[in-house]
Structure formats: C-alpha cells, structure tokens
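S.K.: Here it is: the structure, laid out below.
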Amino acid sequence: MANDRLKLDRTRQIANSLTPFGETIFTEMSRLAMRHNAVNLGQGFPNFDGPEFVKQAAIQAINAGHGQYARMFGLPELNKAIAERFAADSGLPVDSEAQVTVTSGCTEAIASALLGLVNPGDEVILFEPYYDSYRACVAMAGAVPRFVTLRPPDFSINPTELRRAFSSKTRAILINTPQNPTGKVFRQDELEAIAQLCREHDVIALSDEVYERLVFEGRHISIASLAGMPERTVTLSSLGKTFSLTGWKIGWAIAAPDLTAGIRAAHQFLTFATATPLQHGAIAALRAPNSYYEQLVGDYRRKRDALVVGLSALGFQVFPPQGTYFVMADHTPFGFESDVAFCRHLIERVGVAAIPTSVFYHNPSDGRSLVRFAFCKTDETLREGLRRMSALQSAK
Ligand code: GLN
C-alpha cells in the first residue's frame, strides 16, 4: 500500500510539460534487452570501443591534471578544431570564438538552442518520425510543435505539406540529416525548399548533423551552406557517432554570433561547461586523418548491407538507409497488430531488441507498421541477431 501511494505522488510531481513523454523508448528497450538476455539492435550505441588515439588524449589530459571546469563555451583549441573541420566540410568561414559552443552532447546543444532561441507560444516545425528529445525539448521551451511527415519508401519531403507547416508564428524548423530513425539523407532540392521557406518567413533552421559521416548514398549537405542560410542556421553535431564514443557526450553548436548568444545564454545555466579531459580527447579526434573517416564509413556500409540483406531474406520489407546506423523495416508480413506488439514478441520470444517507431510520431498509429534496427554493432552481434530472427520466418 505504502509503495502504491509513493508511486502516485511521484507521478504527480513531474512537470506538466514532461508528463506526456514518460521514459524514453531507448532506456525501456535496453532494460528489457538485458532482462531477456536479448541481442540489442535497439538503442543506437556501438558495442565496440572508440579509437585508441582519442582515448589516450583524454587519459593524458586526466594525468596532466586537467580536472577543473573548462571555459563555458569550450576549450579554445577544441572550438578551433570544430570550426576548422566545419569550414573544410561546408566551405563556410567560422569564427571559433564567436560562433562555436561546446555542449554536453548534441542533445544538450538542441536543448540549449531551443531554450535559448525560442519563446513560449512560438511554433517549431519537426519532421516525423522525429528523434524523441526534439519534441520533449520543444515542450520544455513552451513552444508548439508542427509536424511534416516523411513516408516510406523513400521518406521524401512533400513540398505542399512543408509549406503548410509554416505560419507567421514559426520561429524554427528542426532538421536532422542524415535522419534518425529513417536513414534518409536530405537532398539538395529538399534543403533548398526548406531554405526558401526559412528566408520567406524569417525562420531559424536548427540542423542536427550527428550522422554527417555515416552517408552511404547521396551526399551530406549542411543547410547552413545554402544562400541566405549562414545567418539563420544553427548547425549541431557531436563526437559520439563519428568516433564511437556516445558516452563521452561531447557535442557542439555552430551559429552566427547573434544566435550563438542565445545558445550560450541557455548552455551556461544548463551544464555551464563540458567535461574538460574529454574535450582534450575531442581535439585529437577532430584532427583525425581522412583515412579514419573512410574506414568508418566502409565498415558501416558493410554492416548496413549485411543487415538489409539479412532482414529482407527473413521476410521484412526493408527501406535501405542512405545514412545513419539505423534500418527501418515493415514488420507486417509477420502478422502482428502493431510495432509495439511485434517488438514485445521479438524481445521476449526471439531474443532480439528493436525500437517500435510509433513513439516517433505525433499520431502514433502512423508508425505501427515500422520498426527500427541499429547496426552500430559488431559483425558477430549482427549475425547472432539475424540467426535468432530466423525463428520469425518459420512462424510465418
Ligand atoms: N541516439 C540513440 C538512438 O537513437 C540513443 C539515444 C538515447 O538513448 N537517448 O537510438
């Protein structure tokens, strides 16, 4: 009895803005994966280690006594390394002191951008399926989400729906390219259409580019590089995916100085600064030779192909991703009523965890036929996951 009461009281204490969101699907699925001893193709984290040269740089920084707060917006050397890399990739000049803010992962950069640049009641456009933290951060900022739905098979933007999402109240549009969970890489013409509307309506583009290096088809384009966009774009990225170090939580935001002022205004009160020795590690990472990135994308391409071929052979309708380390698949050939029912069966009976995608839609039934598999896993893990899922085929 006492326990029940405690539970009720706790529920009531969560702020109204956050009650609709509950626990993240990634936490829930990883917990279930552990409980059922399942192969975890759910939460997107590599089950292999990051590069030795990056780890050694952080270890050296710890040994050298770099244990106090870093500068609020980043170690000067790291800001410089981020600016140089972005300038080389996008062709845009970046002032590392006035335009770069180092954050505790890209998730914090997104929160800082939304809290620091958006007012309560403003509208923010999200593409769905969306990464779950976007919608929660929009709610924490007191803003109103507007949705543009990307649909299989290719998850292209419908220009009419896009235009309809803009209004006189729109303050920002949040883009993610390559996109989690669909694996879509936004094309030049799609980004041009977004940019055109941003200019027309004087809207800020928040562009989450954490999978920028994981591109298998097409080309990664930063919307900041399009005409009229450098002054109205916040480019967000991180170390986690590119260097297989998701637990380091090093991210950043690159934006014009007036937008950076808003981002820093929030960042200084959210986390103030980011782990100093890990920033030293990040400096080494960002100076990696091109061969590092080539190897990374080559390895991931192989994993993607293996999972796409394997899932297709099992009977899924697979939508091969152009980027990211996720694959979307339609589970309906197996006869389950929803993505949640399918994932429950998969984890409890088959021993594999995947992510049901309905949580990434404002109208959850839009995602009921789709599940997401992560391939940022060792070849052995991927093989074992596919081997276990052959039980599904025989159940058909
Ligand atoms: N970005 C990762 C994913 O999409 C997980 C992030 C998280 O666990 N919050 O799976």
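The values are calculated or read from the model by the stated rules, or taken from the named source; none is laboratory data. Treat the numbers as computed from the prediction; the structure is a model and nothing was measured. Positions of Cβ are generated from backbone atoms using ideal geometry, with glycine treated the same way; all protein chains shown enter the neighbour counts.
S.K.: With the requirement that a residue be basic (K, R) and away from the ligand (no atom under 16 Å from the Cβ), what does segment 158-191 give you?
M.R.: Step one: list which residues in segment 158-191 are basic (K, R), which gives 163-164, 169, 171, 184, 187.
Matches in segment 158-191: R163, R164, K169, R171, R187.
So that you can scan it fast, the table gives a plain yes or no per residue for (1) modelled with pLDDT of 95 or more; (2) touching a helix residue (DSSP H, G or I) at 6+ places or on another chain (Cβ under 9 Å); (3) more than 14 Å from the ligand (Cβ to nearest atom); (4) not in a helix (DSSP H, G or I):
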site: P93; (1), (2), (3), (4): yes, yes, yes, yes
site: A98; (1), (2), (3), (4): yes, yes, yes, no
site: T101; (1), (2), (3), (4): yes, yes, yes, yes
site: A111; (1), (2), (3), (4): yes, yes, no, no
site: L114; (1), (2), (3), (4): yes, yes, yes, no
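S.K.: All but one of (1) in contact with a helix residue (DSSP H, G or I) (Cβ under 8 Å, 6 or more places away or on another chain); (2) surrounded by fewer than 20 Cβ atoms within 10 Å (Cβ to Cβ); (3) small (G, A, S) hold for A172, so report the exception by its number.
M.R.: (2)
S.K.: List every residue pair whose Cβ atoms lie under 6 Å apart, where the two residues are 6 or more positions apart in sequence or sit on different chains, the first residue falls within segment 196-221 and is more than 16 Å from the ligand (Cβ to nearest atom), and the second residue, located anywhere, is among the aromatic types (F, W, Y).
M.R.: If the second residue must be among the aromatic types (F, W, Y), the pairs left are L197/F166; H201/F166.
S.K.: Right, next: Consider segment 36-53. How many of its residues are aliphatic (A, V, I, L, M) and within 13 Å of the ligand (Cβ to nearest atom)? Show your work before the answer.
M.R.: The first filter runs over segment 36-53 and keeps only residues aliphatic (A, V, I, L, M), leaving 38-39, 41.
Then drop every residue that is not within 13 Å of the ligand (Cβ to nearest atom), which leaves 41.
The qualifying residues number 1.
S.K.: Is it true that some residue in segment 363-373 is within 16 Å of the ligand (Cβ to nearest atom), surrounded by fewer than 24 Cβ atoms within 10 Å (Cβ to Cβ), closer than 20 Å to L126 by Cβ and free of Cβ contacts under 8 Å to residues at least 40 places away in the same chain?
M.R.: no
S.K.: Identify, from the list Y134, Y130, the residue that is assigned to a loop (DSSP other than H, G, I, E, B), within 16 Å of the ligand (Cβ to nearest atom), at pLDDT 95 or above and among the aromatic types (F, W, Y). Explain how you work it out, then say what you get.
M.R.: Working: Y134 fails: assigned to a loop (DSSP other than H, G, I, E, B).
The conditions single out Y130.
S.K.: Does E84 meet the test of being at pLDDT 95 or above, of a type in the set (D, E) and touching a strand residue (DSSP E or B) at 6+ places or on another chain (Cβ under 8 Å)?
M.R.: Details: at pLDDT 95 or above: yes; of a type in the set (D, E): yes; touching a strand residue (DSSP E or B) at 6+ places or on another chain (Cβ under 8 Å): no.
It is false that E84 is at pLDDT 95 or above, of a type in the set (D, E) and touching a strand residue (DSSP E or B) at 6+ places or on another chain (Cβ under 8 Å).
S.K.: A follow-up question, please. Which count do you get for residues in segment 22-46 that are within 26 Å of I250 (Cα to Cα) and either out of contact with any helix residue (DSSP H, G or I) (no Cβ under 6 Å at 6 or more places or on another chain) or at pLDDT below 90 (or both)? Give the steps one after another, and end with the answer.
M.R.: Residues of segment 22-46 that are within 26 Å of I250 (Cα to Cα), as a first pass: 22-31, 40-46.
Filter once more, keeping what is either out of contact with any helix residue (DSSP H, G or I) (no Cβ under 6 Å at 6 or more places or on another chain) or at pLDDT below 90 (or both): 22-23, 26-31, 44, 46.
Result for segment 22-46: 10.
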